[in-house]
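Chemist: Before we start, here is the structure in question, set down as structure tokens.
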Ligand code: 48F
């Protein structure tokens, strides 16, 4: 009966997909633009990568442009990445380009998946696996379970590297520091907290701050700004794209030499 085949097709292919992703090269927490760009370059390099986003629609803060005006701005330095993802753009002024935020987000997601990354939506990463003082994977649960406050245990997914791409909250870095009594690679050893807006230094510092923040744990995008205490930058997205590419390059170097 077709009715049963529809259900069985979804269930069996979904559980195959989940089982194939229980032991990863890279687990990316958060499906914002920096994390998606990282997923694309990591998968393109042949690494096994899965990305987890707590929302139904991954894409983070890129869909809405600024104040729901669905356009974004990208500066010249990041235009090679925009072109690699095949996003349409218009030259605007002073080495700035404008593009449609919905098309841009969809293009990032499409190319990440086509490069071989697996995206799991509706998953909240609630903790990491922490073995021998190394971050070694993620602990995941259904977002609705956490929202409802249901007492249901999560599942564990091993990974050689974990990327915190959770945006302004930098949730993985906060969790690792709070639970394990360790120091992150920041001035204070903890999450410093993001500063108020300054586009020029915010864009430069988000790329500078993209790094391995603790053994096994990398940070990119707004999470990198929040962890290192650098300024936010608003709806200019070049720094996010370059941060995603940088974190991928660092991990590719570490895992593939
Ligand atoms: O914040 P977000 O878009 O990440 P980003 O790559 O980009 C920031 C920009 O969108 C914008 C900006 C640019 O100038 O300032 O804000 O740093 O997306 C973060 C994603 O992480 C998910 C969340 O749903 C969002 O889609 N997320 C956050 N915490 C968790 C999570 C978690 N614990 N588990 C799973 N997903």
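Chemist: Taking residue 120 as meeting all but one of (1) within 13 Å of the ligand (Cβ to nearest atom); (2) surrounded by fewer than 16 Cβ atoms within 10 Å (Cβ to Cβ); (3) not in a helix (DSSP H, G or I), write down the number of the exception.
Modeler: The single condition residue 120 does not satisfy is (2).
Chemist: Another one. Would you check which residues across the stretch 41-63 are farther than 22 Å from residue 98 by Cα and not in a loop (DSSP other than H, G, I, E, B) and list them?
Modeler: Those that are farther than 22 Å from residue 98 by Cα and not in a loop (DSSP other than H, G, I, E, B): 41, 42, 43, 44, 49, 50, 51, 52, 53.
Chemist: Considering 176, 139, which residue is within 21 Å of residue 25 (Cβ to Cβ), part of a strand (DSSP E or B), in contact with a strand residue (DSSP E or B) (Cβ under 9 Å, 6 or more places away or on another chain) and within 16 Å of the ligand (Cβ to nearest atom)? Step through it out loud before you land on a result.
Modeler: Numbers: 176 fails: part of a strand (DSSP E or B).
Going through 176, 139 in turn, the sole match is 139.
Chemist: Then there is this: Scan the stretch 12-29 and report the pairs whose first residue is within 16 Å of residue 138 (Cβ to Cβ) and within 16 Å of the ligand (Cβ to nearest atom) and whose second residue is at pLDDT 95 or above and part of a helix (DSSP H, G or I), with Cβ atoms within less than 7 Å and a gap of 6+ or a chain change.
Modeler: If the second residue must be at pLDDT 95 or above and part of a helix (DSSP H, G or I), the pairs left are 26/42; 26/251; 28/35; 28/38; 28/39; 29/172.
Chemist: Another question about this same structure. What number of residues within the stretch 207-223 satisfy the criterion of being within 8 Å of the ligand (Cβ to nearest atom) and touching a strand residue (DSSP E or B) at 6+ places or on another chain (Cβ under 9 Å)?
Modeler: Within the stretch 207-223, residues that are within 8 Å of the ligand (Cβ to nearest atom) and touching a strand residue (DSSP E or B) at 6+ places or on another chain (Cβ under 9 Å) number 3.
Chemist: Just checking, how many residues over the stretch 142-166 are surrounded by fewer than 22 Cβ atoms within 10 Å (Cβ to Cβ) and near the ligand (Cβ under 8 Å from one of its atoms)?
Modeler: 1
The values are calculated or read from the model by the stated rules, or taken from the named source; none is laboratory data. Remember, predicted model here, so these are calculated numbers, not experimental data. Backbone-built Cβ (ideal geometry, glycine too); neighbour counts: all protein chains shown.
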